[in-house]
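Take a look at the structure below.
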């Protein structure tokens, strides 16, 4: 069914289709309409789930952790300071290997109070052991919720599906609501590897010693370090699991394709601009305008940010002259986190790996990584004007044009697009 | 019932039973000592009460007559002393407890008699 709705409704419809059994959430702008919609579905009997009203986001995730431990499909959603208030439980959910799905409706974090969009909230959670997906439009939100549950349950790792507050959450867009029968083929009933059972009591994630230990069954049980190592291993493996799930989805629904990155006009590009979320679709207009001026430029959207698709990023950027990373977040005191991640990926795969074998058949040099320039935009919902993006990228390309094929840009710190100082 | 071994060891899941957190007896500052003249099962000479066994968070008190405390693992939390309805359990400072208590309770470093829990292997404290 094709409908026109806002992004929060798209997410709620996805959660309903996924058959979530427990929803615990606390309202916060701009997430509120999503949880209100779910409460409506349950109240109207359209959705068989338990809605647990809680007094805080910390409790919301704690309730989801408990529900997931009993084998229920659990969902929550939040934004900004609400996400930060969950922080302790966010780490817990990952360490406990519970396949909870959470929508993060991206919003700036205080202080000062700001309800508008940027990515600082979810980027600040990148080290918690959750999988992070970023949606660019309403179709990716509703499909993403289904894929998020599939991925979480396949890997026993919780998933955050992040989408831009207001820009997506409150705007109306046409999208396809997945057919219920097809959803049933895609997302099998949740069979938890362990479910809490009063008849068979167990200790879950009690104090775990630094070293391995003999458990009460006389078997050698892992210490904290082994458990955390396995989380890291499984997160890295989630890159391929995520792609398999994407392929499965595409075969059933006929859309989707790349779970990790979304390239647009990158094939012959000398320059690529990299971003996440709805900004990457806006950048397509910028790229078209710059292409009209003769610049060979493309866009690479990062769809899966954790685990970071380093290989896919390095492959997509291995032959380009320059990369611009536009971010709505910072690792304060240095630069945008995505920019650092991306540079690490290029170093790992192109410098340490000895490049991709020198100039290829098309004459383009793949032996040396591109220069990477970090740009910051849209912090706290500052309007990102297409004209400003075009100017910034045109200036960035001009600054490197005379400095040799791979000349480094003069200014190393990120430029702030649209700053008025 | 515990899920697969693979999943269990990806998390920290274990069965309840003494010793899951290591030899926690060394944490103890005070040890619980049972006065058999006040203890209900001891007085009746029959299985009764066992509130201490029920409340012990580490399953180190046996469901036997008399109840036996496994000091290898007892952390000295004093929940048994708090819950005992006849006040038969007293918390004694470890620094004082080695003088006269050998008769009623074994020293931790000499290993207490195996508790009923340990004899039967791990089982739920139903």
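The values are calculated or read from the model by the stated rules, or taken from the named source; none is laboratory data. Here the structure is a predicted model, which means the values were calculated and not measured. Cβ: placed from backbone, ideal geometry, glycine included. Neighbour counts: every protein chain shown.
Taking the listed residues A:257, A:294, A:275, the one that is on the phi > 0 side of the Ramachandran plot and either within 14 Å of another protein chain (Cβ to nearest Cβ) or under 24 Å from the mean Cα position of the chain (by Cα) (or both) is A:257, with no other qualifying. Residues in segment A:27-59 that are in a loop (DSSP other than H, G, I, E, B), closer than 26 Å to residue A:277 by Cβ and touching a strand residue (DSSP E or B) at 6+ places or on another chain (Cβ under 7 Å): A:28, A:30, A:31. Against the condition at the interface with chain B (Cβ under 10 Å from one of its Cβ atoms), in contact with a helix residue (DSSP H, G or I) (Cβ under 8 Å, 6 or more places away or on another chain), surrounded by 19 or more Cβ atoms within 10 Å (Cβ to Cβ) and in a helix (DSSP H, G or I), how does residue A:245 come out, does it pass? Criteria not met by residue A:245.
If you check A:174, A:198 for being without any contact (Cβ under 8 Å) to a residue 12 or more places away in the chain and outside any helix (DSSP H, G or I), only one passes: A:198. Among residues of segment A:134-156 being outside any helix (DSSP H, G or I) and under 19 Å from residue A:8 (Cβ atoms), the one that is farthest from the chain's Cα centre (by Cα) is A:137. For residue A:324, the test of being touching a residue at least 12 places away in the same chain (Cβ under 8 Å) and assigned to a loop (DSSP other than H, G, I, E, B) is failed. The set of residues from segment A:259-272 being in contact with a helix residue (DSSP H, G or I) (Cβ under 7 Å, 6 or more places away or on another chain) and assigned to a loop (DSSP other than H, G, I, E, B) comprises A:259, A:260, A:265, A:266.
The condition (being out of contact with any strand residue (DSSP E or B) (no Cβ under 7 Å at 6 or more places or on another chain), within 20 Å of residue A:307 (Cα to Cα) and either surrounded by fewer than 23 Cβ atoms within 10 Å (Cβ to Cβ) or within 14 Å of chain B (Cβ to nearest Cβ) (or both)) is satisfied by just one residue among A:150, A:154: A:154. For residue A:226, are the conditions met, namely being outside any loop (DSSP other than H, G, I, E, B), within 10 Å of chain B (Cβ to nearest Cβ) and loosely packed, with under 15 Cβ neighbours inside 10 Å? When the stated conditions are applied, residue A:226 does not pass them.
Among the residues of segment B:9-29, those identified as within 12 Å of residue B:74 (Cα to Cα), at pLDDT 85 or above and in a loop (DSSP other than H, G, I, E, B) are B:28, B:29. Assess whether residue A:110 counts as being surrounded by 24 or more Cβ atoms within 10 Å (Cβ to Cβ) and in contact with a helix residue (DSSP H, G or I) (Cβ under 9 Å, 6 or more places away or on another chain). In short, no.
The set of residues in segment A:60-95 that are under 24 Å from residue B:12 (Cα atoms) and either assigned to a loop (DSSP other than H, G, I, E, B) or assigned by TED's automatic domain parsing to the domain that holds residue A:380 (or both) comprises A:70, A:71, A:72, A:73, A:86. Residues of segment A:201-219 that are in contact (Cβ under 8 Å) with a residue 40 or more places away in the chain and not in a loop (DSSP other than H, G, I, E, B): A:204 alone.
One line per residue, one yes/no per condition, for (1) in a helix (DSSP H, G or I); (2) within 13 Å of chain A (Cβ to nearest Cβ); (3) buried (at least 21 other Cβ atoms within 10 Å of the Cβ); (4) at pLDDT 95 or above:
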position: B:7; (1), (2), (3), (4): yes, yes, no, no
position: B:52; (1), (2), (3), (4): yes, no, yes, yes
position: B:77; (1), (2), (3), (4): no, no, no, yes
position: B:86; (1), (2), (3), (4): no, no, no, yes
position: B:100; (1), (2), (3), (4): no, no, no, no
position: B:104; (1), (2), (3), (4): no, no, no, no
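Taking the criterion of being within 14 Å of chain B (Cβ to nearest Cβ) and buried (at least 17 other Cβ atoms within 10 Å of the Cβ), the residues of segment A:164-203 that qualify are A:190, A:192, A:193, A:194, A:202, A:203. Looking only at residues of segment A:391-414 that are crowded, with 18+ Cβ neighbours inside 10 Å and outside any loop (DSSP other than H, G, I, E, B), we find that the one that is modelled with the lowest pLDDT is A:400.
Residues satisfying the criterion are absent from segment A:207-219 (criterion: more than 12 Å from chain B (Cβ to nearest Cβ) and surrounded by 15 or more Cβ atoms within 10 Å (Cβ to Cβ)). Is there a residue being within 14 Å of chain B (Cβ to nearest Cβ) and not in a helix (DSSP H, G or I) anywhere in segment A:114-133? Looking through segment A:114-133, at least one residue is within 14 Å of chain B (Cβ to nearest Cβ) and not in a helix (DSSP H, G or I).
For residue A:289, are the conditions met, namely being surrounded by fewer than 21 Cβ atoms within 10 Å (Cβ to Cβ), in a helix (DSSP H, G or I) and touching a residue at least 12 places away in the same chain (Cβ under 8 Å)? So residue A:289 fits the description; yes.
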